[in-house]
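Before any comments, here is the structure.
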């Protein structure tokens, strides 16, 4: 109780000093030194520098704890981090509300924005050519992301657990989509894959329970989809992904199919029956998971 009273008195005194300073003319304080106040400003300045640093050979970052804005500036590639704890702003991920990536940044590093759970929107500048592994993994509030035509590769688990994403349009420049890239994006309803994509990893859309259709550009030489939006390789010998939110409750696998990919039917809650023909010789891991 005594300590509480002392603390109250100290805070009251501090408030009085602040009020006097803000009301009185600045000229009235010329030449007056207040040691503890000076030390306080030094601490604030030190804290400000603590929220900034480098994130690439020619890139810098700064974080405003008041607005929650993380800003990346400079020219060139971002660092690829090997663990999320080595990302310089890792202790601030739960406080980051917005991310501003400069126009001269050429890549988004591995684990760069891992579990920035409060970020809702992100615009990637035209200068970026690659999105690293786990770059936005766990950004569960992310509702929209603009991927520019400059991006050629989307890394493994790049947007995994982005539960608020509802649609993704992959630009014509992208040639590869890594493993688990959109896995567990539970509100994703539609995906369009352009003709430029030559490589799609494992489990890319697995556990996307709201996904109703995967659309593949008709000019794509490597992949195709049938009338129900099921993703196949071009020869239709491998069934890669059946959209989890597809409204069909029954599905007959075409006779051309010889293998069913990993997690192909994962989280297909509405599916009640599947007919597998004699042509199928292999069924991947967790093909009918959940």
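See the values below:
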item: Which numbered condition residue 228 misses (of (1) modelled with pLDDT of 95 or more; (2) part of a loop (DSSP other than H, G, I, E, B); (3) surrounded by 13 or more Cβ atoms within 10 Å (Cβ to Cβ)); result: (1)
item: Conditions (1) at pLDDT 95 or above; (2) within 18 Å of the chain's Cα centre (by Cα); number of the one not met by residue 91; result: (1)
item: Neighbours by Cβ (under 7 Å, 6+ apart or cross-chain): first from segment 130-149, buried (at least 22 other Cβ atoms within 10 Å of the Cβ); second at pLDDT below 95 and not in a loop (DSSP other than H, G, I, E, B); result: 142/122
item: Check on residue 80, modelled with pLDDT of 95 or more, in contact with a strand residue (DSSP E or B) (Cβ under 6 Å, 6 or more places away or on another chain) and surrounded by fewer than 23 Cβ atoms within 10 Å (Cβ to Cβ); result: no
item: Filtered residues of segment 245-261 (kept if surrounded by fewer than 19 Cβ atoms within 10 Å (Cβ to Cβ), assigned to a loop (DSSP other than H, G, I, E, B) and under 33 Å from the mean Cα position of the chain (by Cα)); result: 247, 248, 249
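Let's see how each residue does on (1) crowded, with 16+ Cβ neighbours inside 10 Å; (2) assigned to a strand (DSSP E or B); (3) in contact with a helix residue (DSSP H, G or I) (Cβ under 7 Å, 6 or more places away or on another chain):
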residue: 55; (1), (2), (3): yes, yes, no
residue: 60; (1), (2), (3): no, yes, no
residue: 66; (1), (2), (3): no, no, no
residue: 72; (1), (2), (3): yes, yes, no
residue: 85; (1), (2), (3): no, no, no
residue: 94; (1), (2), (3): no, no, no
residue: 110; (1), (2), (3): yes, no, no
residue: 113; (1), (2), (3): yes, no, no
residue: 116; (1), (2), (3): yes, no, no
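The values are calculated or read from the model by the stated rules, or taken from the named source; none is laboratory data. These figures come from a predicted structure and were not determined experimentally. Cβ: placed from backbone, ideal geometry, glycine included. Neighbour counts: every protein chain shown.
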